[in-house]
1. Averaging over all projection directions, find the projected area of the Cα convex hull of the range 390-481 and quote it in nm² with one decimal place.
2. Say the cut-off is 19 Å between C-alpha atoms; which of LYS30/LYS438; LYS331/LYS393; LYS266/LYS362; LYS439/LYS491 go over it?
3. Mean projection of the alpha-carbon convex hull of the range 368-435 over all orientations, in nm²?
4. On a C-alpha basis, how far is the centre of the range 46-71 from the centre of the range 189-216 in Å? Whole number, if you could?
5. Just in the range 101-193: which trypsin sites (Lys or Arg not before Pro) are loop by DSSP and have at most 10 other Cβ atoms within 10 Å?
6. Over the Cα atoms of the range 75-154, each weighted equally, I'd like the Debye log10 I(q)/I(0) at q = 0.23 Å⁻¹, rounded to two decimals.
7. Keeping every protein chain present and rolling a 1.4 Å probe, give me the accessible area per residue for the chain in Å².
8. Round to a whole number: what % of the accessible area of the chain belongs to carbon and sulfur, probe 1.4 Å?
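The values are calculated or read from the model by the stated rules, or taken from the named source; none is laboratory data. Since the structure is predicted, the reported quantities are computational estimates derived from the model, not experimental observations. Methodologically, a virtual Cβ is constructed for each residue, glycine included, from the backbone with ideal geometry; neighbour enumeration extends over all protein chains shown. Protein only, heavy atoms only, side chains kept; ligands, DNA and RNA dropped before computing areas. Shrake-Rupley method; radii C 1.70, N 1.55, O 1.52, S 1.80 Å.
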Amino acid sequence: MADGEHVLIFDTTLRDGEQSPGATMSHTEKLEIAELLDEMAVDIIEAGFPIASEGDFEAVSEISRLAKSAVICGLARANFQDIDRCWEAVRKARRPRIHTFIGTSPLHRDIPKLSKDEMAKRIHDTVTHARNLCDNVQWSPMDATRTEWDYLARVVEIAIKAGATTINIPDTVGYTAPRESAGLIKRLIQEVPGADEVVFATHCHNDLGMATANALAAVEGGARQIECTINGLGERAGNTALEEVVMAMRVRSDIMPFKTGVDTTKLIHVSRRVATVSGFAVQYNKAIVGKNAFAHESGIHQDGMLKNAKTFEIMRPEDVGLSETSIVMGKHSGRAALRSKLRELGFDPGDNQLNDIFVRFKALADRKKEVFDDDLVALIRDQETGEVNDRIKVKFLRVICGTEAPQSADLILEIDGEETRGTAQGDGPVDATFNAVKKLFPHKARLQLYQVQAVTEGTDAQATVSVRMEEDGLIATGQSADTDTVVASAKAYVNALNRLLVRRQRAGPDADVKQVSYRVTG
Ligand code: KIV
Ligand code: ZN
């Protein structure tokens, strides 16, 4: 690890990331991601927005209880009720933090209809209140980069005087550019009284594709905390990607003399888990964690790589936790070999889980010539997404397709323990299958997204299918993998439906109202 000043990594995958439409995670998934982030040694985990819903509150409370070393932070708007609820959720953490914010730009000030003076008083009162509860308080002027300089400097000073320990400067709408980002932080540190007593943070959105550059520029301007998400998950174009800023500071420590405490060898695993649970697949050419980030296809590149990896590689795949995709498992491999392979890939299944994966692995090895690492990861994820107490299960599927439309699907579903069979037609095998599910389990949910990705190469590759469904403002994502794309589609659709049913049950009749009214911008 290079020497240099420490930059704190504040991960907001579970708050700003999860806020992105369709990325909603279940309680168990949030706990798992928080545990991975904690193990990866991020400094601060923003675990959620406790007043937004009962589910958010419970997740933040549980993460606070379980976290071993990270600071656990909850978000609160600028009112006492939000702050009290946030404190209630994070107080069990070894190292709790309250993060309170208010929109300070002219457009945002206009929403609560507060004058500049009224807002300044609100900031003073709410930060003081938060500080009376917790000695670690972060304050954010939302849309800071579009706030008038004089007013921004004035309210930052008020927040510092009221006891904020971290001042976060959000570029809420992804509007700033690197030079401006650096200049703003630098000027605040130079001109605001008391600025040297607090940590300045940067929080960038990627609307113009500059979130990583803006965050790193802010660090050059004096920020010592970067707010970011795994895979850059987040509303609209997303947030600064954690893996990008961390690796940029590591690889270019010669010109950016900063360091983080992040264990970068865990990046790939965390990235894949976040992609799975959020249903937001990582683009192939995504920096650091994309499937092609370390792949070399052209002849010149391959030749250079074979002679000296440094010719085309500025970091080693193993630095980010990438293990070679290799053909190591086949139909003769035993349980012990499978367990050891899964451990190598970052999974540690219990005995029952291993037995189940072993059965699936054998079935896959029978159908597929070569079982790659990625196949095993898809298999284990598929096992995790199909929950034992799912109300609906796919028992049998046969589709008839060919050049003549319509195609038809013959489907057996088990619904609440009882098997039911039906056929339906559609425009293509997947459409016919989804129509058959609708026929057997009538529902109003709308299909928002249908996405297929091949896990490995070859015509016998497994396909991972993601399905996102929406009903009355509630959104759920389902996934499944199979060598048969239509089977994977049916299972993913049913998986999303099961999740939607759980969500509907948990949320109660006014769930959609709560979700919408507590959503924050950015
Ligand atoms: O983008 C933003 O302004 C935010 C704040 C709540 C910090 O996410
Ligand atoms: Zn944001």
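1. Mean orientational projected area (the range 390-481, Cα hull): 6.7 nm².
2. Values: LYS30/LYS438 30 Å; LYS331/LYS393 27 Å; LYS266/LYS362 28 Å; LYS439/LYS491 16 Å.
Violating the 19 Å limit, Cα to Cα: LYS30/LYS438; LYS331/LYS393; LYS266/LYS362.
3. Average projection, Cα convex hull of the range 368-435: 6.1 nm².
4. 25 Å
5. Hits after loop and neighbour filter: LYS113.
6. -1.02
7. Working: 23040 Å² over 522 residues.
I get 44 Å² per residue for the chain.
8. Values: 11680 of 23040 Å².
The nonpolar share, carbon plus sulfur, comes to 51 percent.
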